[in-house]
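Working notes, beginning with the structure itself.
No lab work stands behind these numbers, since they all come straight from the coordinates. In this text the structure is predicted, and so the values were computed from the model without any measurement. A quick note on method: Cβ atoms are made from the backbone with ideal geometry, for glycine too, and the neighbour counts reach across all protein chains shown.
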Amino acid sequence: MAIHRMDNVGIVVEDLEVVTAFFVELGMELEGEGRVEGRWVDRVVGLDGVRTDIAMLRTPDGHSRIELMRFRTPTAVATEPKNAPANALGIRRVMFAVDDIDDVVARLRAHGAELVGEVAQYQDSYRLCYVRGPEGVIVGLAEQLN
């Protein structure tokens, strides 16, 4: 077997508290917070003098995680426009299955989120949308229909 599972998705942010609150409102559970630094980190990520604050969040089923990272040193760099469109190269979004898409969108709007397009229905199967949250993070939401 090549892999066992996907362990986590890492997202580098400037405001760790704001983005953590956004994902907690979405329904993720804060698993832990801390500082990561030292020679072993430098070796893994290929940078010198790494000091990061992290927040690890997990989905309620415990199967998926998002690791949010704020780099204290070296300073994080922007590689694309902050609010890149959905068709920009690279990882664009993380999608979550939800019970009530309208409720989730309303709750996330209180944390500054905006719809990228609109809530749309795919056949009789799903209602779907993309939401842009703090720092331009795009989250996909999928509500399975009966």
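Can you tell me which residue in region 129-146 is surrounded by the fewest Cβ atoms within 10 Å (Cβ to Cβ), limited to those that are closer than 10 Å to Phe96 by Cα and among the hydrophobic types (A, V, I, L, M, F, W, C)?
It comes out as Ala142.
Look through Asn87, Asn83 and report the one residue that is surrounded by fewer than 12 Cβ atoms within 10 Å (Cβ to Cβ) and among the polar types (S, T, N, Q).
Of Asn87, Asn83, the one residue that is surrounded by fewer than 12 Cβ atoms within 10 Å (Cβ to Cβ) and among the polar types (S, T, N, Q) is Asn87.
Here are some conditions: (1) more than 17 Å from Val139 (Cβ to Cβ); (2) touching a residue at least 60 places away in the same chain (Cβ under 8 Å). Glu80 meets all but one. Which one does it not meet?
Among (1) more than 17 Å from Val139 (Cβ to Cβ); (2) touching a residue at least 60 places away in the same chain (Cβ under 8 Å), the lone unmet condition for Glu80 is (2).
Could you figure out which of (1) in a helix (DSSP H, G or I); (2) in contact with a Lys or Arg (Cβ under 9 Å, 6 or more places away or on another chain); (3) surrounded by 14 or more Cβ atoms within 10 Å (Cβ to Cβ) isn't true of Leu108?
Here Leu108 clears every test but (2).
Of the residues Met95, Met69, which is under 13 Å from the mean Cα position of the chain (by Cα), loosely packed, with under 15 Cβ neighbours inside 10 Å, in a strand (DSSP E or B) and among the aliphatic types (A, V, I, L, M)?
Result: Met95 is the single residue among Met95, Met69 that is under 13 Å from the mean Cα position of the chain (by Cα), loosely packed, with under 15 Cβ neighbours inside 10 Å, in a strand (DSSP E or B) and among the aliphatic types (A, V, I, L, M).
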